[in-house]
Amino acid sequence: MQPAMPSDASWAAMATLHQSIGLRFIIGLPLNNNNEQLMAAMIKKARAVLPAAAIAGFELGNEPMYWEVCTDVKIGAGGWDAAGVYQPGWSAYAAFFDRVAMKLTGCSSGSSSGSDKMIIGPGWDNMNTFTTQRSTQVMEAGRCYLQDFSVHYYPYYSKQSFDKLSLLSENLVREASRNATLHVKTAAAYGQKVRITEANSLSGAGEEGTSDAYAAALWTVDISFEFAAVGIQSLHFHFGHGGLPGSSVEAGVPVYAGCRQGQIKIWPVVHEAGTAAAAAAAAGSKELRVVLLNKSKREDCQVTVNVNGVFEDGSLLWMMPEEAEGPDRMAAKRIMFGGATFTDRSGLMSSTPKQEKVAAAAAAGAGTSYTMQVPRASAALLVAQGRV
């Protein structure tokens, strides 16, 4: 969250990134400063210097449970009333959020449509602790200004009792998926989407020894596709400890980014050997992309993927730890994509990743089948072109 107006150099860098690679930005508005003039000025500046397509929205506030409104004291969610007096508690926060959002967007109380539906919020600290009753209250109040509903996600466990192998727990993923589904369904009733605007394997931008281990790369692939499957609009990672370019948490992102919504079927292999099948509804698609994940640290698997439609031979891009064998693979710090690794913090790779051919076979009906050996502790992206 930006506590002050970004420099001209920062705005210029954002514009260049958008022009060069199409990067879009969610602009953070510092609600905890109670400075409506600053927030309004940031919106005006962003729209003046950035193309409209570069702005994905404006997130109003960040983790109100941890606002430090008193010196060295975190007193939890609250907000300033119309007289400028800070009041603690959820009701005070919700009223403050709503009042500022209406001023920034020009909405009127009770209106269901606004001329500037641009606000993303509330950026709550953890999806697992935010009740649907409260999310409903935010979305009901924000009918005329709320563009997307936002929360953060971190596994809700003590760092003292949580380590890299804890990230591989399927119970952890199922809990996250269930809670995400509740928020997605609530948002859908208001015609809104849910963004997870901050996430990592542990809070505080991750933890050395966990977030920078290879297990975190497998977790990144796993949680990204689980959230996509239940309808999460976007997932944004909070890099820090173990999250700089070239480390494990970021290492999972290229696999996720390589798949397009509607063209993938995720099939995770979870601590289970043997043969299994996954069907992807790809009929009519010109390109097929499937992500395979085996997060078992012990067992290799043979996987058969059956898809509707006729496709050519495919290619596999593998993600594996550099230490491919031995008990320390989950703790590995260097990740290989098609045999290539990141060279340094620039994000550049040591060489061009190599892809492995996988033969297409005819399947029942007008379908195609691919059979692959998926090694333990690995992920792969299968890409195949449709046959004309």
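Take the conditions (1) at pLDDT 55 or above; (2) open to solvent by 60 Å² or more (accessible area, probe 1.4 Å); (3) closer than 30 Å to Gln385 by Cα; (4) touching a helix residue (DSSP H, G or I) at 6+ places or on another chain (Cβ under 8 Å); Tyr256 misses just one of them, which is (1). If only residues of region 339-361 that are outside any loop (DSSP other than H, G, I, E, B) and at pLDDT 90 or above are counted, the one that is farthest from the chain's Cα centre (by Cα) is Ala361. Going by the conditions given, is Val269 crowded, with 20+ Cβ neighbours inside 10 Å, modelled with pLDDT of 55 or more and touching a strand residue (DSSP E or B) at 6+ places or on another chain (Cβ under 8 Å)? Taking the combined requirement at face value, the residue does not satisfy it. If the condition is being closer than 17 Å to Ala77 by Cα and either open to solvent by less than 50 Å² (accessible area, probe 1.4 Å) or modelled with pLDDT under 90 (or both), then region 102-135 contributes Gly121, Pro122, Gly123, Trp124, Asp125, Asn126, Met127, Asn128, Thr129, Phe130, Ser135. The condition of being assigned to a helix (DSSP H, G or I), β-branched (Val, Ile, Thr) and surrounded by 19 or more Cβ atoms within 10 Å (Cβ to Cβ) holds for Val173.
The values are calculated or read from the model by the stated rules, or taken from the named source; none is laboratory data. Small disclaimer: the values here were computed from a predicted structure and weren't measured. We place every Cβ from the backbone using ideal geometry, glycine too, and count neighbours over all the protein chains shown. What goes into the accessible areas is simple: the full protein's heavy atoms, side chains included, and nothing from ligands, DNA or RNA. Shrake-Rupley method; radii C 1.70, N 1.55, O 1.52, S 1.80 Å.
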